[in-house]
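Trainee: Mind looking over this structure? Questions follow.
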Amino acid sequence: MRPSDLEDRVLIMAPIGQDAAAMAKLLEGHGFKTQVCLKPEECAREIGRGAGALLLTEETLEHASIFAVLQILQAQPAWSDLPLILLTRGGESRLTKLLDLAGSAAGSVTFLERPMRSATLWRSVQVALRSRRRQYQVRDLIQEQKRSAEIANRLASIVEFSDDAIISKNLEGIITTWNRAAERLFGYRAEEAVGQHISILIPADRLDEEPGILERIRRGELIEHFETIRCRKDGTCLDISLTISPLYDSSGKIIGASKIARDITERKRFDRALLESEERYRTLVSQVKDYAIFGTDTAGIATSWNEGVERVLGFSEHEFIGLEVAKAIFTPEDLAAGIHIQELETAMAMGTANNDRWLQRKDRTRFYASGMTTGLKDESGRVIGFTKVLRDDTPKKQAAEHLERVVAERTADLRASNEQLEAFVYSIAHDLRAPVRSMTGYAQMLIDDYASALDETAQHMLKRIGTSSEFMDKLLVDLLAYGRTARIELEIGPVQVRDAWNSALLQCAIQIEQSNAHVESAESLPAVLAHEGTLAQVLANLLSNALKFVAPGVQPRVRFSAEDRSANVRLWVEDNGIGIPPHQHDRVFRVFERLHGARYVGTGIGLSIVRKGAERMNGQVGFESAPGNGTCFWVDLPKAASAEG
């Protein structure tokens, strides 16, 4: 049932016989809505839901729960006075009791004495319902006034605490309201501004604006985003955006205007700076002739042009604007490869993209361009176009290509010279070994056969000849090893590092025994792509160095291990030796470099062989070292797809 239907109901309670049903039938026959309540509790509940009148018989007063009805009647809101119709049978004492009931209910009570005519009953109900409807009208009016007051309070709060200045004035231009934002913006307190003419805010050269504004307001026009200048109390002027709307009274008559003022001084200053910047940019771009500077939209269609475009690319402004730039200037092979698309995608993603490539002019001649493509974004970060700057760098490109050819030729010549020199050194070393061995042999024969005929000085000189010739032979052996490493053809293939390490241990066995060294290796060693003999020589030289360069009285300790480094394997030879000072690191792998002089025996070629061997196997060498903390030499070689050894 709708709320309006509930409010028109006549609630009937008559506990004796068929009285309630009979009265309901009578009233419904005259068009009234009724509901019979069997108990006072039900009647009280239905009153709470809404009712137009309450019809009770005197017997109802005898019910023990009648006070539930009395309580809800007494709790009615101020606007409500539910009409109560009591059907009685007369009698003074009974009448007194009914009056007491009426007084406690504080409602409008109509007494009807039975028996009565049916017309008396339904007309009494009609009068009661008419009275109840007026009460509901009062209720609705109160509620509407309350809602209007709440809306007015909210609007007043919004106006008062708005960030925008909100001012109202009458049709004569007199200020009638002034919010806090207006105080902050213009410097006048509300009590200073209200009652003053709006012209206190208008500079002298703009006073003619106000009559036109008031005339438009009188016509009921809304004025939106009117940009002008207004003055503060201290005399400073502001750029202001005004939105002005008519104010109406309850009859719909225009009685004034409401004005919203927003300070746009900063925005106008920014706009002016932007215009100046754009003008400077246009002037700069138009005057630059060695660079083609132009803009495109996101589809690559040209949107701007400078004289450099005609100078570099050959297009006039009329020909260029609206042109699909990529098809006009990219070479056919770059277009087929999608280079133009990649360039724009890079500029969108990274902000800029490099332009260094061969392009073509309007006449299809090619030139080497260098420059940059930049993505242009709006305030939200969305790319809205591109700026491209490029110049003709063909002479520089040609000079660079010529230089590259010269460098390549000279590098090839140097490589050939080095190879010839290495071959010459190898040949000399090989040829010198025979006379050196002869010198060693004859010196030893003199000592063995003629020692008794020689004095001590002669014998000492012969021993020095023998020692020097032995060193010379060792030097020649190392030179031959270096030459072989540099010259022989190496067959690169899978090599078990364990096998190469065992070979190195065998080569250094006497040195290990004489130095009482402790040498250990990792249990798991991989396979690498290398040449087994060369790898064994490299590891033997590193092991020999580790055994040699230790402080006096220190037992050499060497550890060999391998480290998986993605596509490569790094082999480590770690020792507890004297270390290498930082200022000597760059000399370690040079030929004939002896960092520690005569303190340690050596030719200065061993580590040169290590580097040359690693490079011949497509590898690299390096080390980590500090004085007193030992040295860790490493060799990087390509990984082989074979099981670890």
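Trainee: Please give the peptides 314-321, 578-585 ranked by average Cβ packing (other Cβ atoms within 10 Å per residue), highest first, as a rough proxy for protection.
Mentor: So the peptides 314-321, 578-585, ranked by packing, come out 314-321, 578-585.
Trainee: Packing-wise, with mean Cβ within 10 Å as the measure, how do 401-409, 181-189 rank, highest first?
Mentor: Working: 401-409: 10.1, 181-189: 18.2.
So the peptides 401-409, 181-189, ranked by packing, come out 181-189, 401-409.
Trainee: How do the peptides 627-640, 446-459, 46-59, 209-222 rank, highest first, by the average count of neighbouring beta carbon atoms within 10 Å per residue?
Mentor: Details: 627-640: 18.3, 446-459: 10.7, 46-59: 20.9, 209-222: 13.9.
Per-residue Cβ counts within 10 Å, averaged per peptide and sorted highest first, yield 46-59, 627-640, 209-222, 446-459.
Trainee: Which of His63, Pro77, Gly52 sits farthest toward the positive end of the charge dipole of region 42-85, with +1 on the Cβ of Lys and Arg and -1 on the Cβ of Asp and Glu?
Mentor: Towards the positive end, the residue furthest out is Pro77.
Trainee: Once you have the Cα-Cα distance between Asp5 and Asn170, take 0.36 nm times their residue separation minus that, and quote the gain in nm to one decimal.
Mentor: Details: separation 165, 0.36 × 165 = 59.40 nm, distance 4.72 nm.
Full extension of this stretch gives 54.7 nm more.
Trainee: Further question on the same structure: Give a residue-ordered list of calculated ³J(HN,Hα) values for region 489-500 (Karplus: 6.51 cos²θ - 1.76 cosθ + 1.60, θ = phi - 60°; whole Hz; x for Gly, Pro).
Mentor: Karplus values, whole Hz, x for Gly and Pro: 6, 9, 8, 7, x, x, 10, 6, 4, 4, 5, 5.
Trainee: Something else now. Can you give the extra length, in nm with one decimal, that the chain gains between Arg216 and Lys362 once fully stretched, where that is 0.36 nm per residue apart less the Cα-Cα distance? Please list the in-between numbers first.
Mentor: On the way: separation 146, 0.36 × 146 = 52.56 nm, distance 5.82 nm.
Stretched out fully, the Arg216 to Lys362 stretch lengthens by 46.7 nm.
Trainee: Then there is this: Take the Cβ-Cβ distance between Thr411 and Ala451 as r, set R0 to 45 Å, and report the resulting FRET efficiency rounded to the nearest 0.05. The partial results should precede the final answer.
Mentor: Working: r = 57 Å, r/R0 = 1.27.
The value I calculate is 0.20.
Trainee: Any chance you could check the Cα centroid distance between region 157-230 and region 518-576 for me, in angstrom?
Mentor: 90
Trainee: If you roll a 1.4 Å probe over region 311-354 with all protein chains in place, what percent of the accessible area is carbon or sulfur?
Mentor: Details: 1380 of 2420 Å².
So the carbon and sulfur contribution to the accessible surface is 57 percent.
The values are calculated or read from the model by the stated rules, or taken from the named source; none is laboratory data. Everything numeric in this text was worked out from a predicted model, so none of it was measured. Heads up, the Cβs are rebuilt from the backbone with ideal geometry, glycines too, and the neighbour counts pull from every protein chain shown. Only protein heavy atoms, including side chains, enter the accessible area calculation; ligands, DNA and RNA are left aside. Shrake-Rupley method; radii C 1.70, N 1.55, O 1.52, S 1.80 Å.
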